[in-house]
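Heads up: the structure comes next, in structure tokens.
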Amino acid sequence: DPAGARDLFAEVLPIRERVLGAEHPDTVTTRYDLAYWIGAAGDPAGARDLFAEVLPIRERVLGAEHPETLNTRHNLARWIGAAGDPASARDLLAELLPIRERVQGVKHPDTLDTRNDHAYWTGKAGDPGRRPRPARRGAPHP
């Protein structure tokens, strides 16, 4: 029930903001979860916009290379693509991929997800023959 989840997260968010503050990690996680369920309930532009609000908070509070910040960047790109801009999704994921490789490693599941989604949005952007940049020597090929 994506709409039900969306509505429940929408109810709890203002309570968390009032009790914990707008930038408390738990409040930000609730906003992140709300963004996901907004998209899952059929509003990709709404998800995109809310992930765009969450990203600078996570960068400021957790740091630009924290795994939760990187996940927020990934999801922002995903919902940008789902909202109708596959080229921007492709470009954002292309920027994120080398950061994931450096911070989390080339074999980390989140890095592989970023590589996979970069390929997906590359195809959706009309570049089905374009591959992600080649893997470094000794690293597995995408």
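Taking first residues from the stretch 88-99 that are without any contact (Cβ under 8 Å) to a residue 24 or more places away in the chain and partners that are assigned to a helix (DSSP H, G or I), the Cβ contacts under 6 Å between residues at least 6 apart in sequence or on separate chains come to 88/80; 92/77. Here is a check on your reading of the model: is residue 5 modelled with pLDDT of 95 or more, surrounded by fewer than 21 Cβ atoms within 10 Å (Cβ to Cβ), part of a loop (DSSP other than H, G, I, E, B) and at negative phi? Criteria not met by residue 5. Residue-level check: of (1) of a type in the set (A, V, I, L, M); (2) in a helix (DSSP H, G or I); (3) under 20 Å from residue 96 (Cβ atoms), residue 34 misses just (3). Does any residue in the stretch 57-71 that is among the polar types (S, T, N, Q) come within less than 8 Å, Cβ to Cβ, of a residue that is part of a loop (DSSP other than H, G, I, E, B) six or more places away or on a different chain, and which pairs are these? Listed by first residue and then by second, the contacts come to 69/63. Filtering the stretch 54-107 to residues that are over 20 Å from residue 31 (Cα atoms), of a type in the set (A, V, I, L, M) and not in a helix (DSSP H, G or I) leaves only 106. Residue 66 passes every criterion in (1) under 15 Å from residue 96 (Cβ atoms); (2) of a type outside the set (S, T, N, Q); (3) touching a Phe, Trp or Tyr at 6+ places or on another chain (Cβ under 6 Å) apart from (3). You will find that of 90, 115, 78, the residue that is touching a helix residue (DSSP H, G or I) at 6+ places or on another chain (Cβ under 9 Å), basic (Lys, Arg) and over 23 Å from residue 46 (Cβ atoms) is 115 and no other.
The values are calculated or read from the model by the stated rules, or taken from the named source; none is laboratory data. What you see is a predicted model, and the numbers here were worked out from it, not measured in a lab. All Cβ positions, even for glycine, are placed from backbone atoms using ideal geometry, and neighbour counts span all protein chains on display.
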